[in-house]
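Below: the structure, in structure tokens.
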Amino acid sequence: LEGRCIELSLADVCAFRNQSGWHMLSYGTCAEGAFTAAERAEEARRAASVCAAEQIDSLVVIAGPRDLSWAALLADCFAREQHRTTVVGVPYSKNCNVYVPKLMPITLGFDSARRILSEIAGNIFTDALSSKKYWHFIRCGEDALTLEVALQTRSTFSVLKDTGHAQEQAEKEDTHTSLKATVRRLEEVVERRRSLGHHSGVVLLSRYLVESLPEMDKLRRELVEVLGTAPEASLRAKPPSRHEVERQLKQEDARELFKRLPRVVQISLIQRRDAKGMPLLPTDLEAERILGRFVQQNLKAAKTKVPFAPRFHSLEFMSYAPLPSPLDCAFGYALGHTAATLVCERRTFYVASCANMHLPVAEWQPVAVPFSFLYSPCGGPSQNLDWEIPKRSGAMRPNLVEAYEHFREAWVESNVLKAPGPLQFGDGADVGPLGDRPLTLLADAIGLDELKQIIQPIRALPPAVCIRSEPLVIRDIRVTGNLSVLEQRRLRYVPDMPPYLRGPLRAQDEVICPQACSSIEGLARSFPQTYGQHSAMRLVPSEADFGGFEAARGEKSTGSPKFSVEHHHPGLRRPRRVGVVFASNQAPGFHSVIAGVFDYLSGLSPPAEVIGFPGGYEGLIKGYVLPIDKEVVDQYRNLGGQDMLCFSSDSGYLAFKDHLKAVTGTIRAQRLDGLVLVGNP
């Protein structure tokens, strides 16, 4: 509209190829207002003037539904005034807000958004399984994106704006208190999981969840009755206090909701008004915090023994400009070629798209649909209608919703986590197998049974491992077939390591003995039996196997081979028994440490026996024991978190003499030759 333009060269384009963000041209949006010919007449005139001055043959608009509405209006205005410039749209929406069945199954940006959110949500879920004490409330995006992430990670529970258990329950009870129904349902989920031995979980929430609740509409209407609709109400020298407003609210449910809302939300409802004079909510309403606190308050008021420690995460902004996924790179490139073809064909009022995206890229079908296809079925754009294209995120695929309903209760009762992991890029331009495509894309192309098989390939799960009986704490068994593509590749991955670690070793004292403590006397008093062992050590190949070490130089390790411990420990006949403890909060690599310990010790002759103490120091103090064999180790190789042994104790250290005495008793009872503390010993 202001005539700011630059000519793009090949070098300009190559500098941004397959990169994220909008900074090649920066980003702008159309002005507020209705999308009618009369409302936008001046903008259309200015745009036509700029296109004529710059001799623009075609205008390609890459945008979401609102700005595509402006492009549709512009195309019609240009055609009516017989301007030579054609207008072509390219839909973009990370929330999949534009949808045409079969012809436009997903939008550009959706795959990248669901991947980055699934990666982060999967990491948080892994943390929940490791700590076994936190409930994580995560706000992702609008309904379609939230449902996609829930299915990709198999989250414990999800609350969507337009569908879900809470809304169904509210309809059955013939009441509009869906917020109460949602909170009550989440309380049931927390209590039910605790009875089954699960003390943590992940709840995904949809954007605009709280704003769309019937209770919120009722509260806003009653606030209008109390405070008025005139904008002057928000400009009073001294607006009424929160407590004054609370006392004036007549309906009990509206008063209760207002009382429990965060202070910043209360003040916004009192002091701010929208264009229609209605009370205005904050721009970034933290639905995850509101819902989580409501559940926490209700559990506390009911005086239940259910421990509930909520944690809150807003991931929405993390999905705006991640690196585009391989699928989005191919999709965007195909859309660019389609738009360029429409330009050369002198087509106007068309939107570029792509069909058959569930097939290999070579079989994708570029298509173009008129802008009118993007409007609701009840009526298309006309001179008397608002031309704004409605967001279609709420129109979730029926197959996808039904699949989620099928798995929902099972995921409440057991942890079937899938951590998709970070984006992977290769040089072969591969966009991934069918099962790695967005489920929202597949829902239109395959049947419900096949969709369920992709979401969770193995339905029958092995019995969980009991960590302790009072209170009951269990650990679900990871099933390889239910892991993500990347997790399965990680299980098969063999880390490289120094070649001499593949044979028997011996410890060699270093000549230099660094001073590690400023108070030598205090150190000696604290460790009277071991203080003298303050020399650094280097592990070197034993002399008996030094030739093997030399032969192994330059070779990539393929694991720990079998060898006799008698090279370094002559006369040893019984198998060693070694315990492992996770002694701090999780960090990447804990499971790899156990794999290294197990592979080395299992290579001894006779093989050593490895056991784990679940729950950190608490497990060591109380004598909780889990055997660690090859089957267990192979379930967790190169995977994140700590859920093999977990770390659930509130105190991450041995605080009292009684603790040390209990640990000594555990070590003796288990006949341990060694104890490995991973973390902060």
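Summary of values
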quantity: Subset of region 584-594 [buried (at least 19 other Cβ atoms within 10 Å of the Cβ) and either among the small types (Gly, Ala, Ser) or outside any helix (DSSP H, G or I) (or both)]; calculated: 586
quantity: Flag for residue 241 being under 38 Å from the mean Cα position of the chain (by Cα) and hydroxyl-bearing (Ser, Thr, Tyr); calculated: no
quantity: Members of region 208-229 that are without any contact (Cβ under 8 Å) to a residue 40 or more places away in the chain, surrounded by 15 or more Cβ atoms within 10 Å (Cβ to Cβ) and either polar (S, T, N, Q) or under 16 Å from residue 270 (Cα atoms) (or both); calculated: 222, 226
quantity: One residue from 150, 170, 121, 181 being more than 30 Å from residue 469 (Cβ to Cβ), open to solvent by less than 10 Å² (accessible area, probe 1.4 Å) and either at pLDDT below 85 or part of a loop (DSSP other than H, G, I, E, B) (or both); calculated: 170
quantity: Selected residue [at pLDDT below 85 and touching a strand residue (DSSP E or B) at 6+ places or on another chain (Cβ under 9 Å)] from 314, 268, 234; calculated: 234
quantity: Any hit, region 456-468, residues being of a type outside the set (Ser, Thr, Tyr), open to solvent by less than 30 Å² (accessible area, probe 1.4 Å), touching a residue at least 24 places away in the same chain (Cβ under 8 Å) and over 30 Å from residue 620 (Cα atoms); calculated: yes
quantity: Options 348, 341: the member that is under 30 Å from residue 78 (Cα atoms) and either in contact with a Gly (Cβ under 7 Å, 6 or more places away or on another chain) or crowded, with 20+ Cβ neighbours inside 10 Å (or both); calculated: 348
quantity: Residue in region 605-617 that is open to solvent by 10 Å² or more (accessible area, probe 1.4 Å), modelled with pLDDT under 90 and polar (S, T, N, Q) present; calculated: yes
quantity: Members of region 118-151 that are within 10 Å of the chain's Cα centre (by Cα) and farther than 24 Å from residue 183 by Cα; calculated: 118, 119, 120, 123
quantity: Residue count, region 414-469 (criterion: of a type in the set (Lys, Arg), closer than 22 Å to residue 155 by Cα and not in a loop (DSSP other than H, G, I, E, B)); calculated: 1
quantity: Residue list for region 313-338, restricted to those being open to solvent by less than 40 Å² (accessible area, probe 1.4 Å), under 30 Å from residue 132 (Cβ atoms) and among the small types (Gly, Ala, Ser); calculated: 319
quantity: Residues located in region 25-62, provided they are of a type outside the set (D, E, K, R), in a loop (DSSP other than H, G, I, E, B) and closer than 21 Å to residue 343 by Cα; calculated: 25, 55, 56
quantity: Hits in region 287-304 - residues which are of a type in the set (D, E, K, R) and either in a helix (DSSP H, G or I) or at pLDDT 90 or above (or both); calculated: 288, 289, 293, 300
quantity: Sole residue being modelled with pLDDT of 85 or more, in contact with an Asp or Glu (Cβ under 6 Å, 6 or more places away or on another chain) and among the polar types (S, T, N, Q), chosen from 241, 206; calculated: 206
quantity: Residue list for region 504-527, restricted to those being at pLDDT 75 or above and assigned to a loop (DSSP other than H, G, I, E, B); calculated: 504, 527
quantity: Test result for residue 88, outside any helix (DSSP H, G or I) and either modelled with pLDDT under 95 or in contact with a strand residue (DSSP E or B) (Cβ under 8 Å, 6 or more places away or on another chain) (or both); calculated: yes
quantity: Matching residues in region 591-618 - criterion: being touching a helix residue (DSSP H, G or I) at 6+ places or on another chain (Cβ under 9 Å) and under 19 Å from residue 664 (Cβ atoms); calculated: 612, 613, 615, 617
quantity: Among residues of region 285-312, those that are open to solvent by 50 Å² or more (accessible area, probe 1.4 Å), under 23 Å from residue 159 (Cα atoms) and touching a helix residue (DSSP H, G or I) at 6+ places or on another chain (Cβ under 9 Å), counted; calculated: 6
quantity: Exclusive hit being surrounded by fewer than 20 Cβ atoms within 10 Å (Cβ to Cβ) and among the aliphatic types (A, V, I, L, M), set 431, 416; calculated: 431
quantity: Set 492, 478: member being modelled with pLDDT of 80 or more and surrounded by 13 or more Cβ atoms within 10 Å (Cβ to Cβ); calculated: 478
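This table checks each residue for (1) among the charged types (D, E, K, R); (2) in contact (Cβ under 8 Å) with a residue 60 or more places away in the chain; (3) open to solvent by 20 Å² or more (accessible area, probe 1.4 Å); (4) farther than 16 Å from residue 28 by Cα.
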site	(1), (2), (3), (4)
44	no, no, no, yes
53	no, no, yes, yes
56	no, no, yes, yes
68	no, yes, no, no
71	no, yes, no, no
75	no, yes, no, yes
87	no, yes, no, yes
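The values are calculated or read from the model by the stated rules, or taken from the named source; none is laboratory data. Keep in mind that this is a model prediction, so the values were computed, not measured. With ideal geometry, Cβ positions are generated from the backbone for all residues, glycine too; neighbour counts draw on all protein chains shown. Areas reflect the complete protein model, heavy atoms only, side chains present, ligands, DNA and RNA absent. Shrake-Rupley method; radii C 1.70, N 1.55, O 1.52, S 1.80 Å.
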